[in-house]
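A short worksheet on the structure shown next.
The values are calculated or read from the model by the stated rules, or taken from the named source; none is laboratory data. Everything numeric in this text was worked out from a predicted model, so none of it was measured. Every residue, glycine as well, gets a Cβ built from its backbone with ideal geometry; the counts of neighbours run over all protein chains shown.
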Amino acid sequence: MLIFITMIILGLLVGFIGAGGAGFVIAILTTVFGVPVHTAFGTSLSAMVFTSISGAYSHFRENNLVLRVGLTTGLFGAIGAFVGSLIADLIPGDILKWLTAGMMFFSAVLLWFRLFTGFGKVWANIGGKGIQSGIRFWIAACGVGFVTGGLSGLLGIGASPFIQIGLLVFFGLSVQQAAGTTMLVILPVAFVGGIGYYTAGNWDILLFTEVAAGMIIGSYIGAKFTARLHPMILKTALITVPIVAAIVLIV
């Protein structure tokens, strides 16, 4: 019950900022509740299936989702996630913690560049020059999907900043389309990655139920605050959350 209540509180934050949930779930489960690292990874990745369904459906209604790109990239991402999850089982938990923490720090740096520097304007103008068809499209989908899916499966996180960059650079999507399509890409990645952790014996159904139920309730409520608070609060939270999660994970 304590884990369930904690996940509701954490879900409030994740629902508000719309990112960073998997890393924080891993940090709280391992540091506060003493859950084995590999089990925490499998649980956090599997729980992302439900938040991805909600987010993808919402973006679909807003016409921010490019189905062809999302489905093909997600397909290869699922393969990468399964492979990554099996590789994760071979890596000691302490090393996995540091790898995941480093990736969260890196994602925070990327978000800082996007939100608080001129790089954000460059990022916004990338769309429109990407690969839309032919063999190069499939190569790009395979590359972006397998690499980012592999990161997600290996480190138990969504890797959404890296997926967005891939969609912007290689497929020429707009920022809005990249954000929405990323949610679709994460869906099969989280699902198949979770299966990989289950296959390796790193999955607990009771723990997963508590985490998923708590995150769904909390994120639904937290999302209502996104448009009601000052944008600077949201931007600051987007940078702060992965950094704090990384610190909690390695202390």
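I'd like the residue in the stretch 86-119 that is of a type in the set (Ser, Thr, Tyr) and more than 12 Å from Ile250 (Cβ to Cβ) and, out of all such residues, is surrounded by the most Cβ atoms within 10 Å (Cβ to Cβ). Even if it seems obvious, please write down each step before you answer.
Within the stretch 86-119, the first condition is being of a type in the set (Ser, Thr, Tyr), and the residues that meet it are 100, 107, 117.
With the extra rule that they be more than 12 Å from Ile250 (Cβ to Cβ), the set shrinks to 107, 117.
Working: Ser107: 24, Thr117: 11.
Only one residue fits best here, namely Ser107.
In the stretch 202-209 there is no residue matching the filter, namely being touching a Gly at 6+ places or on another chain (Cβ under 7 Å), in a helix (DSSP H, G or I), crowded, with 16+ Cβ neighbours inside 10 Å and not aliphatic (A, V, I, L, M).
Report the residue count in the stretch 136-165 for those that are farther than 18 Å from Gly23 by Cβ and surrounded by fewer than 24 Cβ atoms within 10 Å (Cβ to Cβ).
So the first thing to find is which residues in the stretch 136-165 are farther than 18 Å from Gly23 by Cβ, and the list is 136-147.
Now restrict to residues that are surrounded by fewer than 24 Cβ atoms within 10 Å (Cβ to Cβ): 136-140, 142-143, 146-147.
Adding up the residues that qualify gives 9.
Could you list all residues from the stretch 34-58 that are at pLDDT 85 or above and closer than 17 Å to Val244 by Cβ? Passing the criteria: only Ala40. Annotation note: of Gly218, Gly201, Gly196, the sole residue that is modelled with pLDDT of 85 or more and not acidic (Asp, Glu) is Gly196.
Filtering the stretch 166-183 down to residues that are buried (at least 19 other Cβ atoms within 10 Å of the Cβ) and of a type in the set (Gly, Ala, Ser), which residue is nearest to Ala88 (Cα to Cα)? Among residues in the stretch 166-183 that are buried (at least 19 other Cβ atoms within 10 Å of the Cβ) and of a type in the set (Gly, Ala, Ser), the one nearest to Ala88 (Cα to Cα) is Gly166. Would you confirm whether any residue within the stretch 66-75 is touching a Pro at 6+ places or on another chain (Cβ under 6 Å) and either within 19 Å of Ala101 (Cα to Cα) or assigned to a helix (DSSP H, G or I) (or both)? Yes: the stretch 66-75 contains one or more residues that are touching a Pro at 6+ places or on another chain (Cβ under 6 Å) and either within 19 Å of Ala101 (Cα to Cα) or assigned to a helix (DSSP H, G or I) (or both). If you go through the stretch 176-193 and keep only what is modelled with pLDDT of 85 or more and either of a type outside the set (Val, Ile, Thr) or more than 21 Å from Ala141 (Cβ to Cβ) (or both), you end up with Leu184, Leu187, Pro188, Ala190, Phe191, Gly193.
I'm checking my understanding of the structure. Among residues of the stretch 143-183 that are part of a loop (DSSP other than H, G, I, E, B) and over 15 Å from the mean Cα position of the chain (by Cα), which one is farthest from Ala47 (Cα to Cα)? Filtering the stretch 143-183 for residues that are part of a loop (DSSP other than H, G, I, E, B) and over 15 Å from the mean Cα position of the chain (by Cα), the one farthest from Ala47 (Cα to Cα) comes out as Gly172.
The single condition among (1) at pLDDT below 80; (2) under 27 Å from Phe137 (Cα atoms) that Leu115 does not satisfy is (2). The condition of being buried (at least 24 other Cβ atoms within 10 Å of the Cβ), in a helix (DSSP H, G or I) and in contact with a Ser or Thr (Cβ under 7 Å, 6 or more places away or on another chain) holds for Ile186.
Val83 - would you say it is farther than 20 Å from Asn202 by Cβ, crowded, with 17+ Cβ neighbours inside 10 Å and modelled with pLDDT of 85 or more? I'd like the intermediate steps shown before the answer.
On the way: farther than 20 Å from Asn202 by Cβ: no; crowded, with 17+ Cβ neighbours inside 10 Å: yes; modelled with pLDDT of 85 or more: yes.
It is false that Val83 is farther than 20 Å from Asn202 by Cβ, crowded, with 17+ Cβ neighbours inside 10 Å and modelled with pLDDT of 85 or more.
Condition check for Ser44 on (1) of a type outside the set (Asp, Glu); (2) closer than 18 Å to Ile28 by Cα; (3) outside any helix (DSSP H, G or I): one failure, at (3).
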